[in-house]
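Below: one structure, written as structure tokens.
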Amino acid sequence: MADQIEKIVTELPDLKDVTGVWAVADGRAAQGDAAFAADLGIALARTYGSGGQIWQYRSVFDHLLRLLATTNGPDNVAQAVRLVSSGEVARSKLDRYTASLLASSHEATDLAAAFTGRASEELRACLVHELVLRGVAVEKTPGIAGWATSPHWSHHPLGWLPLTLSDMEGSADLPSYSIRGSSHSMPYGPSESHELALIASARVPSAEETTTAATATAMAKAVANWAEESNGRIEAREFDLGEPLDAESVPKALLTLGLECLHGAEKKAALAHGVLPGIPAETEHWAAAEVDGAGPQGGSIRLGCLLALLVLPVSSPS
């Protein structure tokens with residue numbers, strides 16, 4: 001096995017197509033040899049994991065991790081955890097990603113390896129809250145309950161979150177993963193919303209901005225990694241209106257608030273408007289945080305969404 005891994009590591013940069021490497025790992029896993037994929041991933045990370053990573057490494061490593069994390073069986077879980085916990089690989093962002101993969105693909109009782117063997121606190125904390133979001137009673141699950149209910153991780157940013165779902169989290173729709181990709185039912189689109197036309201004569205009440213730094217940070221928290229890890233830009237502001245806003249006045253009111261994100265709107269292209277009831281708005285907020293272009297965040301999604309929803313006015317437009 002060592003010779004085959006060494007050969008793959010040596011030849012990787014010259015490959016124009018890495019599906020052959022995928023097939024080798026898939027075949028070994030199908031034969032019950034999950035350790036091969038973990039050993040290969042660790043060996044590749046040791047050689048190519050730092051600095052400017054070549055595309056072949058990124059593609060093969062992601063496939064190996066998905067292969068282990070999404071294939072049923074406690075041995076695959078154990079090897080996935082071993083892979084991301086190795087010194088050559090370990091990093092927080094990968095822990096969050098792995099937590100999402102594991103929670104979506106395994107029975108909770110098969111995930112004990114993440115809490116009994118070597119694993120980072122970040123992986124465990126994110127995995128606990130991924131499971132909570134998926135309706136698992138972690139405080140009653142053998143192999144997980146001991147760690148989940150212990151006080152030693154209370155200092156972690158996720159440590160203060162409850163181990164049960166709040167009412168506002170009941171609409172969370174989480175993605176599912178496979179070796180080749182992921183799927184997610186999106187709440188966006190006209191079927192659940194009501195389009196509003198821009199009415200020039202609509203009456204707009206006076207508005208005073210009341211945004212504080214703390215409020216802006218909390219509202220943007222759920223999608224903060226859009227800006228941190230991708231090219232997203234976020235504008236989160238709060239206004240106090242002089243009187244209640246009629247639905248037909250919403251489009252015109254938005255254009256009078258001086259929002260940077262709407263600068264030039266209606267001049268180059270029509271601005272689409274829609275009104276969502278309170279619960280679908282929460283669902284849309286979850287979806288935006290869970291499947292954003294910067295990648296899944298695992299249990300930290302729950303923290304971000306809760307912080308944002310706590311300051312989101314129930315009747316505000318989406």
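The values are calculated or read from the model by the stated rules, or taken from the named source; none is laboratory data. Treat the numbers as computed from the prediction; the structure is a model and nothing was measured. With ideal geometry, Cβ positions are generated from the backbone for all residues, glycine too; neighbour counts draw on all protein chains shown. For accessibility, only protein heavy atoms count, side chains too; no ligands or nucleic acids. Shrake-Rupley method; radii C 1.70, N 1.55, O 1.52, S 1.80 Å.
Structure notes:
- Selection count, the range 78-108, where residues are farther than 14 Å from Arg46 by Cα, surrounded by fewer than 24 Cβ atoms within 10 Å (Cβ to Cβ) and small (Gly, Ala, Ser): 5
- When every residue of the range 9-27 is checked against the conditions, none turns out to be in a loop (DSSP other than H, G, I, E, B) and in contact with a Pro (Cβ under 8 Å, 6 or more places away or on another chain).
- In summary, Leu67 fulfils each of the numbered conditions (1) farther than 25 Å from Thr19 by Cβ; (2) among the hydrophobic types (A, V, I, L, M, F, W, C); (3) more than 18 Å from the chain's Cα centre (by Cα) with the single exception of condition (1).
- Pair list, Cβ < 8 Å and 6+ apart or interchain, from the range 110-126 residues that are crowded, with 20+ Cβ neighbours inside 10 Å to residues that are hydroxyl-bearing (Ser, Thr, Tyr): Ala119/Ser85; Glu122/Ser92; Leu123/Ser85; Leu123/Thr98; Cys126/Ser100; Cys126/Ser300
- In the range 134-150, the residues that are assigned to a helix (DSSP H, G or I) and open to solvent by 10 Å² or more (accessible area, probe 1.4 Å): Glu139, Lys140, Ala145, Gly146, Trp147
- Qualifying residue in the range 27-46 (condition: open to solvent by 60 Å² or more (accessible area, probe 1.4 Å), under 27 Å from the mean Cα position of the chain (by Cα) and under 15 Å from Arg82 (Cβ atoms)): yes
- Failed item in (1) over 30 Å from Ser92 (Cα atoms); (2) open to solvent by less than 60 Å² (accessible area, probe 1.4 Å); (3) at pLDDT below 70; (4) part of a loop (DSSP other than H, G, I, E, B), with Pro280 passing the rest: (4)
- Selected residue (criterion: surrounded by the fewest Cβ atoms within 10 Å (Cβ to Cβ)) from residues of the range 192-224 that are farther than 19 Å from Gly258 by Cβ and modelled with pLDDT of 65 or more: Ser201
- Leu158 being open to solvent by less than 20 Å² (accessible area, probe 1.4 Å), part of a loop (DSSP other than H, G, I, E, B) and not charged (D, E, K, R): yes
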